[in-house]
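Please read the structure below before turning to the comments.
The values are calculated or read from the model by the stated rules, or taken from the named source; none is laboratory data. None of these values were measured; they are calculated from a predicted model. Glycine also receives a Cβ, built like all others from the backbone with ideal geometry; neighbour counts cover every protein chain displayed.
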Amino acid sequence: MKDPNLMNESSIRPLHASDLEKVAFLFDQYRVFYGEVSDYNSALEFLGERMHENESIVFIAVEPNGHFSGFVQLYPIFSSVKLKRQWLLNDLFVAEDFRNNGIGRKLIDACKIFCRETNSGGLLLETAKTNISANNLYLNTGFKVQYEQNFYFWDESGR
């Protein structure tokens, strides 16, 4: 007999092509959270391209009723010093109604398992210093802040 408490928990699994339209809504919400204008069609196209080109790995949190409650997206990068692939944890989002239920932790745990399974050197991420809940989550899941590193960024717009 299944534990009734476990039946009410979200599960984490890789994104399938048939999930794209549903997860694009979450991806659009994620972009809006970071100040972008809502654009579901572009979000769907972007995710579809990443999947079609095999350029990222996405894990989704699925509720018992089939509703998608969160996702995480990883991009491969490489460390010449460590001679290993690493994964950039670029996007992590949990829908507002599902926050503080351990979903973010479960998504990170799935990333760690994937990292081990792919014999990778680790996970790298960045987040705004003002995103207190995300910073706490990352520290509580074993990430270490790299205070001795400088972070630089360049783009053509000069922003």
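I need every pair where a residue in region 12-34 that is assigned to a helix (DSSP H, G or I) has its Cβ under 7 Å from the Cβ of a residue that is loosely packed, with under 13 Cβ neighbours inside 10 Å, sequence separation at least 6 or different chains.
Asp28/Ser38; Val32/Ser38
Only residues that are small (Gly, Ala, Ser) and either in contact (Cβ under 8 Å) with a residue 24 or more places away in the chain or within 19 Å of Lys82 (Cα to Cα) (or both): list them for region 108-141, please. Outline the logic, then answer.
Restricting attention to region 108-141, the residues satisfying the condition of being small (Gly, Ala, Ser) are 110, 120-122, 128, 133-134.
Scanning region 108-141 gives Ala110, Ser120, Gly121, Gly122, Ser133, Ala134.
From the set of residues in region 75-101 that are assigned to a loop (DSSP other than H, G, I, E, B) and among the hydrophobic types (A, V, I, L, M, F, W, C), which is farthest from Leu124 (Cα to Cα)? Reasoning before the result, please.
Taking region 75-101 first, the residues assigned to a loop (DSSP other than H, G, I, E, B) are 80-83, 95, 99-101.
Next, only the ones that are among the hydrophobic types (A, V, I, L, M, F, W, C) stay: 81, 83, 95.
Values: Val81: 15, Leu83: 15, Ala95: 23 Å.
So the residue we want is Ala95.
Find all pairs meeting these conditions: Cβ atoms under 6 angstrom apart; at least six residues apart or on different chains; first residue within region 86-105 and closer than 16 Å to Asn140 by Cα and modelled with pLDDT of 95 or more; second residue surrounded by 17 or more Cβ atoms within 10 Å (Cβ to Cβ) and β-branched (Val, Ile, Thr).
Leu92/Val72; Ile103/Val94; Gly104/Val94
Is it the case that region 36-52 has a residue that's touching a residue at least 24 places away in the same chain (Cβ under 8 Å), over 25 Å from Gly122 (Cβ atoms), surrounded by 14 or more Cβ atoms within 10 Å (Cβ to Cβ) and touching a strand residue (DSSP E or B) at 6+ places or on another chain (Cβ under 9 Å)?
Taking region 36-52 and keeping what is touching a residue at least 24 places away in the same chain (Cβ under 8 Å), we get 44, 47-48, 51.
Imposing the further condition that a residue be over 25 Å from Gly122 (Cβ atoms) reduces the set to 44, 48.
Filter again for surrounded by 14 or more Cβ atoms within 10 Å (Cβ to Cβ), leaving 44, 48.
If we keep only those that are touching a strand residue (DSSP E or B) at 6+ places or on another chain (Cβ under 9 Å) as well, we get none.
No: zero hits.
Could you tell me which residue of region 131-149 is surrounded by the most Cβ atoms within 10 Å (Cβ to Cβ), considering only residues that are part of a helix (DSSP H, G or I) and among the hydroxyl-bearing types (Ser, Thr, Tyr)? Write out each step before concluding.
Applying the first criterion (part of a helix (DSSP H, G or I)) to region 131-149 yields 132-140.
From what is left, the residues that are among the hydroxyl-bearing types (Ser, Thr, Tyr) are 133, 138.
Details: Ser133: 12, Tyr138: 21.
Only one residue tops the list, namely Tyr138.
When you look at Phe78, is it within 26 Å of Ser133 (Cα to Cα) and not polar (S, T, N, Q), yes or no?
Numbers: within 26 Å of Ser133 (Cα to Cα): no; not polar (S, T, N, Q): yes.
Judged against the criteria, Phe78 is not a match.
When Asp19 is evaluated against the numbered criteria (1) more than 14 Å from the chain's Cα centre (by Cα); (2) over 18 Å from Phe98 (Cβ atoms), which criterion, by number, is the only one it fails?
Only one criterion in (1) more than 14 Å from the chain's Cα centre (by Cα); (2) over 18 Å from Phe98 (Cβ atoms) is unmet by Asp19, namely (2).
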